[in-house]
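Below is one structure; the comments refer to it alone.
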Amino acid sequence: MVRITESLIRQRAEHNDCEIFSLEEISLHQQEIERIEHIDKWCRDLKIVYFQNNLIPKIENVGRLKKLEYLNLALNNIERIENLEGCEFLKKLDLTVNFVGELTSVESLKHNVHLRELFLVGNPCSEFGGYRKFVIATLPQLKSLDGKEITRSDQIQALQDYPGVRHQVVEQEQAYILKRTMEKEALQKNLEEKGNNKENIENKQSNSDGEENKDQMNEDEDEMNRKFWEEPTLYTPESRLEVHRHIEKNRKLKDKDKNQKKQKPRRPLITAEGRVLNINESKIDFTLTDDEENNQFILDLAVYRHMDTSLLDIDVQPTHVCVMVKGKVFQLVLPKEVNPDSSSAKRSQTTGHLLVTMPKTQEMVKAKPKSTSRTRSATSTQPHTHVTRTTQQNEKLEVDPSKHLSIDLFNIVTERNSVAQRPLIFHQQKVSERISDDFQDNPEVPPLTD
């Protein structure tokens, strides 16, 4: 049974910004509704209401809709016209293809002085003798009945024949009510028999087990379904409701079977060897940009523009990124490692695309692998340091730490002999004696002293 809820009314009030207190028109057709409720309290300003093609058995809870002008209740299970006296401005009432057999119930519409159009075609009362004359004479405010205009001559003729026509209508109505009572009793017995047969089948199925039980259940259900549709039945509100419930039951059984079936195993995201796979189950376009200036990767995933963001689930790992789009996997292996904690995701307001920003991890200076070191002469006093430059995307200076330990710090400064502090002594250079050929030794000349 489908109930009229606030959420249902708000869904049908999209044209009014989902506001229900000021709603003037609402369409609740084909909703399998079995009772009219709440609208006279929540939507007091309603002018047009569509309830066609439901399972409503009674007109109720509309008397407070003072502004109601058009009420459509076609293709329902209504058997009597009632509870419309409060709809003061009602202009059009559509009860096409219902089960109205009490034709005298149209007298309750005398107070609806603004009523201009009435549709009762397809109801049992429309087959009564004198049906049209009785309605025209009972409701003089009508301008049209079953889509046919009511002329002035029709009104005069109906008023003249009203006493005899009313007597005739009452007799037919009583016969119909007696017929309906017998139909309800027969239907009740039929339902009891079907219930007993169903119980016997269920007991029989519970006694058997295994594949035999399953096969027997399927055969019995197919047989019951075949008999249900082949068995002739009267067109009554009860039979219409029974057909609806039978269809609903079969639908639920099919849904249950689908849920019980084994789901298709999801493809592995990582191989047994630990290798991450690239997967795009939704066939969504994407671009991966390497933003070298900001040292980050940007993933542009073209998800559906009007899809709710709650249907997206993003997981960023150091080596790959995984996005669940409505339960389908999108996974991409990244060229370099990223920092998941600093990654961010957002939706574009114009295109709806998903933008995932993933900063790269900071590149570290790595030690150069050990290689054959060159031997140094024992007499050399100069240290040998090895400096290499790696040709990568960003050149880094690498120093081999193993060479640091081989530096001879003792011989960095040349050794000098220490000099003790003492008085300065000036040494005069001795001049060697040179005797020339013309030199004469004169004893009278005093000798030179040092």
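Could we say that residue 103 is touching a strand residue (DSSP E or B) at 6+ places or on another chain (Cβ under 8 Å), hydrophobic (A, V, I, L, M, F, W, C) and in contact (Cβ under 8 Å) with a residue 24 or more places away in the chain here? No, not satisfied.
Apart from one condition, residue 100 fits all of (1) part of a helix (DSSP H, G or I); (2) in contact with a Lys or Arg (Cβ under 7 Å, 6 or more places away or on another chain); the exception is (1).
Matching residues to (1) part of a loop (DSSP other than H, G, I, E, B); (2) surrounded by 14 or more Cβ atoms within 10 Å (Cβ to Cβ):
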position: 4; (1), (2): yes, yes
position: 8; (1), (2): no, yes
position: 18; (1), (2): yes, no
position: 23; (1), (2): yes, yes
position: 36; (1), (2): yes, yes
position: 44; (1), (2): yes, yes
position: 49; (1), (2): no, yes
position: 54; (1), (2): yes, yes
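One residue alone among 75, 55, 46, 71 is over 24 Å from residue 115 (Cα atoms) and out of contact with any Gly (no Cβ under 8 Å at 6 or more places or on another chain), and that residue is 55. Quick check: is even one residue across the range 97-116 surrounded by 18 or more Cβ atoms within 10 Å (Cβ to Cβ), in the same structural domain as residue 27 (by TED's automatic domain parsing) and among the hydroxyl-bearing types (Ser, Thr, Tyr)? The answer is no, given that none of the residues of the range 97-116 is surrounded by 18 or more Cβ atoms within 10 Å (Cβ to Cβ), in the same structural domain as residue 27 (by TED's automatic domain parsing) and among the hydroxyl-bearing types (Ser, Thr, Tyr). When the range 329-360 is limited to residues that are of a type in the set (D, E, K, R) and either over 12 Å from residue 301 (Cβ atoms) or buried (at least 19 other Cβ atoms within 10 Å of the Cβ) (or both), the one that is nearest to the chain's Cα centre (by Cα) turns out to be 341.
Assigned by TED's automatic domain parsing to the domain that holds residue 161 and within 39 Å of the chain's Cα centre (by Cα): does that describe residue 145? So residue 145 does not fit the description; no. Among the residues making up the range 323-352, those that are assigned to a strand (DSSP E or B) and in contact with a Leu (Cβ under 9 Å, 6 or more places away or on another chain) are 323, 324, 325, 329, 330, 331, 332, 333, 344, 345, 346, 347.
Filter the range 85-97 down to the residues that are over 23 Å from residue 22 (Cβ atoms) and in a loop (DSSP other than H, G, I, E, B) and list them by number. Write out each step before concluding.
Residues of the range 85-97 over 23 Å from residue 22 (Cβ atoms): 85, 93-97.
Passing the criteria: 85, 95, 96, 97.
Set side by side, the residues 34, 14, 19, 25 differ, and just one is at pLDDT below 90 and touching a helix residue (DSSP H, G or I) at 6+ places or on another chain (Cβ under 9 Å), which is 19.
Using the structure shown, decide if residue 79 is part of a loop (DSSP other than H, G, I, E, B), under 30 Å from residue 236 (Cα atoms) and either touching a helix residue (DSSP H, G or I) at 6+ places or on another chain (Cβ under 6 Å) or not aliphatic (A, V, I, L, M) (or both). Before the answer, list the steps.
Numbers: part of a loop (DSSP other than H, G, I, E, B): yes; under 30 Å from residue 236 (Cα atoms): yes; either touching a helix residue (DSSP H, G or I) at 6+ places or on another chain (Cβ under 6 Å) or not aliphatic (A, V, I, L, M) (or both): yes.
Taking the combined requirement at face value, the residue satisfies it.
With respect to the conditions (1) touching a helix residue (DSSP H, G or I) at 6+ places or on another chain (Cβ under 9 Å); (2) closer than 22 Å to residue 44 by Cα; (3) surrounded by 15 or more Cβ atoms within 10 Å (Cβ to Cβ), residue 85 falls short on a single one, namely (3). Checking the range 78-88 against the condition returns a match, with at least one residue being of a type outside the set (S, T, N, Q), in the same structural domain as residue 115 (by TED's automatic domain parsing) and touching a Phe, Trp or Tyr at 6+ places or on another chain (Cβ under 7 Å). Inspect all residues belonging to the range 63-72 and state whether any of them is assigned by TED's automatic domain parsing to the domain that holds residue 122, part of a helix (DSSP H, G or I) and aliphatic (A, V, I, L, M). Checked against the condition, which is being assigned by TED's automatic domain parsing to the domain that holds residue 122, part of a helix (DSSP H, G or I) and aliphatic (A, V, I, L, M), the range 63-72 yields no hits at all.
Residues are listed down the side, and each one gets a yes or a no for (1) in contact with a strand residue (DSSP E or B) (Cβ under 7 Å, 6 or more places away or on another chain); (2) modelled with pLDDT of 90 or more:
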residue	(1), (2)
277	yes, no
286	yes, yes
294	no, no
298	yes, yes
301	yes, yes
306	no, no
310	no, no
317	no, yes
321	yes, yes
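The values are calculated or read from the model by the stated rules, or taken from the named source; none is laboratory data. These numbers were taken from a predicted model, which means no experiment stands behind them. FYI the Cβ positions are ideal-geometry reconstructions off the backbone, even for glycines, and counts take in every protein chain you see.
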